[in-house]
Amino acid sequence: MRIGIISDTHDRRGMVDAAVERFNQEGVECVLHAGDFVSPFVVSWLSRLESPLVGVFGNNDGDRTLLLERFAEYDHLDLRGDFARLELSGARIALLHGHQRDLLAALIETGWFDYVVHGHSHRAGCSGQGRTRVVNPGEACGYLTGRSTVGILETEGGAWEVVALE
């Protein structure tokens, strides 16, 4: 399964639009958002995705109630709270923002998940610990690093690609 991964959009419309366009072009079957949408109006931009999206809150998501209400307006968008446990094409995935470092480390150390997907650091990367791969798409907004990125994960075979947005 081809999964698009995004995090730390921080209200930057041009980069959210670019990410949606790229995910639609790539034909991803699902998108995971690891938090920091920031404002509820981002949800309408994400609604143009042709695939389902599952998201979690980040530490900068202020009006959580309104974010949940906006997500509920779209059948293919699902905001799960602070954490989501998913099974996609047989791959067990933990999705969280990653600002709670002890929680992130504990999820990785359990070895129960095939993938732990997080954001928060704004640095793209992929590493492994035991059987668990830890993936971070970097920052879609590009505010901290000057580089707007998302990720594409292929669960069959485990290919991981960081995609620069323009």
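General remarks:
- Footprinting exposure proxy for 61, 102 (fewest neighbouring C-beta atoms within 10 Å first): 102, 61
- Note on Rg and Dmax of the Cα atoms in Å: of the candidates (i) 19.6, 66; (ii) 14.2, 40; (iii) 16.4, 48, the value calculated from this structure sits at (ii).
- Rounded to whole Hz, the Karplus (6.51, -1.76, 1.60) HN-Hα couplings of the range 116-125, x for glycine and proline: 10, 9, 8, x, 6, 6, 6, 10, 5, x
- Working from Cα pairs under 8 Å separated by at least six residues, relative contact order for the chain is 24 percent.
- Positive-pole candidate from 9, 84, 105, dipole of the chain, charges at beta carbon: 105
- Database remark: amide H of residue 88 closer than 5 angstrom to the amide H of 93 (H placed geometrically; neighbours at sequence offset of 5 or more, or on other chains; Pro and chain starts carry no H).
- Between amide H atoms placed 1.01 Å from N, distances below 5 Å from residue 116 occur with 94, 133, 134, 135, all of them 5 or more places distant or on a separate chain.
- Cα-centre dipole for the chain with unit charges at Cβ (Lys and Arg positive, Asp and Glu negative), debye to 20: 360
- Protection-proxy order for peptides 140-149, 127-136, each taking the mean of Cβ atoms within 10 Å per residue, highest first: 140-149, 127-136
- By DSSP, the beta bridges lying fully in the range 21-166 are antiparallel in about 60 percent of cases.
None of the figures in this text is laboratory data; all of them are computed from the coordinates on show. Since the structure is predicted, the reported quantities are computational estimates derived from the model, not experimental observations. No Cβ is skipped: glycine too gets one built from the backbone with ideal geometry, and neighbour counts run over all protein chains shown.
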